[in-house]
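Visitor: Before we start, here is the structure in question, set down as structure tokens.
Please treat every number below as a calculation from the coordinates, not as lab data. Computed from a prediction, not measured in an experiment: that's the story for all the values here. Please note: Cβ atoms are built from the backbone with ideal geometry, for glycine as well, and neighbour counts cover all protein chains shown.
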């Protein structure tokens, strides 16, 4: 069984269908948060049923059946997040599921997964939503002057608000810590601007450019 609802619905779904799951069944998911949620899901499994966390790094800002594509997972990474309680056989079967549809499987603990994706996914979504809202607060009509750079930077702000609301709250601690780090980094650039320190500002831009170039 694959859970593919917003992560905030996982518990209620399992409570509803759990009594119908047979011994030996494996439940996995495609959610963007693991951490405490993965361990909570383990505790909700009926006797003889195993939960194995999964997170395919695929998709887009679109959602629903109309956004489906048969090659969505080909060449995409899929993170599997076993815990110390996850049977190796269940991990093997979930791994085979993802490799069979073309995904490249990687493994992280639930906790490291949430730190990594707070940094490279959840924080960028917050920033994208905030950037668009800043335009709205100044003058929403200015959005019509936006070019490709703005569209690329804020594409994920088209994502489902319900989905991302749940993700942010389920990974709140990591996200709040990284927002603080982001604010400190932004403050460094603001300070360089205030000091008219062009060398420092360029250096900060170059640091980002070097790492971004590795993608």
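Visitor: Cβ neighbours within 10 Å, averaged per peptide: list 135-143, 157-165 in order, most packed at the top.
Guide: 157-165, 135-143
Visitor: Based on alpha-carbon atoms only, what is the radius of gyration of region 2-108 relative to the globular estimate 2.2 N^0.38 Å?
Guide: 1.05
Visitor: With a 10 Å cut-off between alpha carbons and a GNM built on the chain, which of 172, 34, 23 moves the most?
Guide: Result: 23 has the largest fluctuation of those listed.
Visitor: Pop the C-beta distance of residue 182 and residue 22 into the FRET formula with R0 = 41 Å and round what comes out to the nearest 0.05.
Guide: For residue 182 and residue 22, the calculated efficiency is 0.35.
Visitor: Next question, about the same structure. Using Cα-Cα distances under 8 Å and only pairs 6 or more residues apart, what relative contact order does region 63-104 have, in percent?
Guide: Reported relative contact order: 57 percent.
Visitor: Distances longer than 12 Å among the Cα atoms of region 46-85: what percent of all pairs is that?
Guide: 69
Visitor: In addition: Given points 7 Å out from each Cα along the Cα-Cβ axis, report the residue 65 to residue 165 separation in nanometres with one decimal.
Guide: It is 2.5 nm.
Visitor: Quick check of the Kirkwood formula: for the chain, what is the inverse mean of 1/r over all pairs of different Cα atoms, in Å?
Guide: 19.5 Å is the Kirkwood radius here.
Visitor: Which residue, 100, 118, 146, has the most motion in a Gaussian network model of the chain that connects Cα atoms within less than 10 Å?
Guide: Of the options given, 146 has the highest mean-square fluctuation.
Visitor: Where q = 0.10, 0.13, 0.19, 0.25 Å⁻¹, what log10 of I(q)/I(0) comes from the Debye formula for region 67-167, counting one point per Cα?
Guide: For region 67-167 at q = 0.10, 0.13, 0.19, 0.25 Å⁻¹, log10 I(q)/I(0) is -0.44, -0.67, -1.06, -1.28.
Visitor: Using mean Cβ contacts within 10 Å as the protection proxy, how do 64-70, 90-96 order, highest first?
Guide: Per-residue mean Cβ counts within 10 Å order the peptides as 90-96, 64-70.
Visitor: Can you grab the distance from the C-alpha centre of region 126-157 to the C-alpha centre of region 31-45, Å, no decimals?
Guide: Their Cα centres are 34 Å away from one another.
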